[in-house]
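Here the structure comes first, spelled out in structure tokens, and everything after it is commentary.
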Amino acid sequence: PRWERAILKADRIRDRLNWKPGIFNRTSHEKPKGMHWKTYQQLLLRYCALANEGFDGLKDLIGYDRDKS
């Protein structure tokens, strides 16, 4: 499914940013040494979009509905 691909892409970005794999792990706001700020900011924005898509897919998978809880 699309949300699984989003999670895989997010993990690839986490690897580029030297973060621990997995969208449930904490993020760091330290730019990797040698990476341009513009690249870092673009990766952060893309990561957030992909992680949110992955979380939405997981919520649908488990049937989580915030309004009912």
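Of the trypsin sites (Lys or Arg not before Pro) in the chain, the ones in a loop by DSSP (not H, G, I, E or B) with at most 12 other beta carbons within 10 Å are Arg26, Lys33. Placing +1 on the Cβ of every Lys and Arg and -1 on the Cβ of every Asp and Glu, with no other charges, gives the chain a dipole of roughly 380 debye about its Cα centre. In straight-distance terms, cross-link reach from Lys20 covers every one of the lysines whose alpha-carbon lies under 25 Å from its own, apart from those fewer than eight places away in the same chain; here that gives Lys9, Lys31, Lys33, Lys38, Lys59.
In loop segments of the chain as defined by DSSP, the chymotrypsin sites (Phe, Trp or Tyr not before Pro) with at most 14 further C-beta atoms inside 10 Å of their C-beta are Phe24, Tyr64.
Normalised per residue, the accessible area of the chain is 81 Å², obtained with a 1.4 Å probe and no contribution from ligands, DNA or RNA. Taking one quarter of the surface of the convex hull spanned by the alpha-carbon atoms of the chain gives a direction-averaged projected area of 5.2 nm². The slack between Gln41 and Tyr64, meaning 0.36 nm per residue of separation minus the straight C-alpha distance, is 5.2 nm.
The values are calculated or read from the model by the stated rules, or taken from the named source; none is laboratory data. All values derive from a computational prediction rather than experimental measurement. Note that we place each Cβ from the backbone using ideal geometry, even for glycine, and neighbour counts take in every protein chain shown. SASA here: full protein model, heavy atoms, side chains in, ligands and nucleic acids out. Shrake-Rupley method; radii C 1.70, N 1.55, O 1.52, S 1.80 Å.
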